[in-house]
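**Q** Could you have a look at this structure, given as structure tokens, before my questions?
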Amino acid sequence: MKKEFIIAIMGIFVTISAVYAVIATAPIGVDIAKEKVQEFVNDPSANIQYQNTKCLNIGDYYTFSTGNGQVYVNMYTGVVERASFNDARKSSGEIRPDSAGGVEMVAREYAEEKYSGFADMNMQLIKSDLRNHGDAGSENSFIWRENIEGGVLTPNTVVVNIHPVSGWIVSYIGIQREINCVLEPELSEEDALKIAEKQFPGIEVTEKTAELTIEYTKPGLQSLTWVITMKGKPKDYVLQGGLVVIDALTGEALMTSPYL
């Protein structure tokens, strides 16, 4: 839940970079973006249609339908940062217990192909699991996030979801940004945990974790944060605690998400 939430608040899409030395000051335009989609899907028969533009904390995008999915193109760099493929969910068959290793290899190879510089960055696999969506099928999800300065997780993130039987790519997210915020916290981990605990009055803490991460807290604004997960003793069979995002410089609780 914690890692999924981190990706989500990034606009999971969520994870512009040192790899791209020059960042355009004006949008690239729909026509060029469409060409980037064509290159990414590598399918001459794909019916690529412009949909709209989206402005998220993590960036601004042109969105396109591809007939069997959707693609987000960064309006300024031309990089495809999100893609989904609906047909991949239709594959059926029994999930083999020994398939996880092979699926991860397929996911990693796809990440290395689509995400510039993946192999040269300190990309840490922070989550890998099998998600069951009921009638919608299942998928193996793999999330990598860059780790710098001995433990700071950056917005540079790759998510590859893959069908556990066919090996088809269900969806992809690849965020790459230049880091432009301070990397040394003013708030200690101990103090961050105390602040997080105050967000859940009366909690009897049974488990807690803290990670130092860079998040987009406002459009275009990177902030060094403590991302805290806190579990408490259940009350009336209801799990207590949740996730708290705290500004690592000011100590402000930026977001609190209790367990449901």
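**Q** Do you know which residues across region 144-160 are more than 19 Å from K218 (Cα to Cα) and either touching a Cys at 6+ places or on another chain (Cβ under 9 Å) or crowded, with 22+ Cβ neighbours inside 10 Å (or both)?
**A** Selection gives W144, R145, E146, V158, V159, V160.
**Q** Looking at (1) aromatic (F, W, Y); (2) at pLDDT 50 or above; (3) within 12 Å of T77 (Cα to Cα), can you tell me which one Y50 breaks?
**A** (3)
**Q** Looking at (1) within 27 Å of R131 (Cβ to Cβ); (2) more than 23 Å from the chain's Cα centre (by Cα), find the lone condition where L193 falls short.
**A** Every listed condition holds for L193 apart from (1).
**Q** I've got another one for you. Y20 passes all but one of (1) of a type outside the set (S, T, N, Q); (2) modelled with pLDDT of 90 or more; (3) farther than 30 Å from T209 by Cα; which number fails?
**A** Of (1) of a type outside the set (S, T, N, Q); (2) modelled with pLDDT of 90 or more; (3) farther than 30 Å from T209 by Cα, only one is false for Y20: (2).
**Q** Report yes if some residue within region 232-241 is open to solvent by less than 20 Å² (accessible area, probe 1.4 Å) and over 19 Å from L183 (Cβ atoms); otherwise report no.
**A** Yes, region 232-241 has at least one match.
**Q** Scan region 195-233 for residues that are touching a Pro at 6+ places or on another chain (Cβ under 9 Å) and of a type in the set (D, E, K, R) and jot them down.
**A** Selection gives E215 alone.
**Q** Among the candidates L212, L193, which residue alone is surrounded by 17 or more Cβ atoms within 10 Å (Cβ to Cβ), modelled with pLDDT of 95 or more and farther than 24 Å from I58 by Cα? Steps first, answer last, please.
**A** Working: L212 fails: farther than 24 Å from I58 by Cα.
After applying the criteria, what remains is L193.
**Q** Then there is this: Tell me the strands (runs of 3 or more DSSP E) entirely within region 28-88 that contain at least 2 residues that are buried (at least 18 other Cβ atoms within 10 Å of the Cβ).
**A** Hits in region 28-88: 59-65, 69-74, 80-85.
**Q** Of all residues in region 36-46, which are more than 20 Å from Q176 (Cα to Cα) and modelled with pLDDT of 95 or more?
**A** Listed by number, the list holds a single entry, Q38.
**Q** Restrict the check to region 170-189 and report whether at least one residue is open to solvent by 20 Å² or more (accessible area, probe 1.4 Å) and on the phi > 0 side of the Ramachandran plot.
**A** no
**Q** Please determine whether any residue of region 90-111 is in a strand (DSSP E or B), open to solvent by 10 Å² or more (accessible area, probe 1.4 Å), of a type outside the set (K, R) and at pLDDT 90 or above.
**A** No, there is no match, as no residue in region 90-111 is in a strand (DSSP E or B), open to solvent by 10 Å² or more (accessible area, probe 1.4 Å), of a type outside the set (K, R) and at pLDDT 90 or above.
The values are calculated or read from the model by the stated rules, or taken from the named source; none is laboratory data. Computed from a predicted model, the values in this text were never measured in an experiment. Using ideal geometry, Cβ is built from the backbone for each residue, glycine included, and neighbour counts are taken over all protein chains shown. With ligands, DNA and RNA removed, areas are computed over all heavy atoms of the protein, side chains included. Shrake-Rupley method; radii C 1.70, N 1.55, O 1.52, S 1.80 Å.
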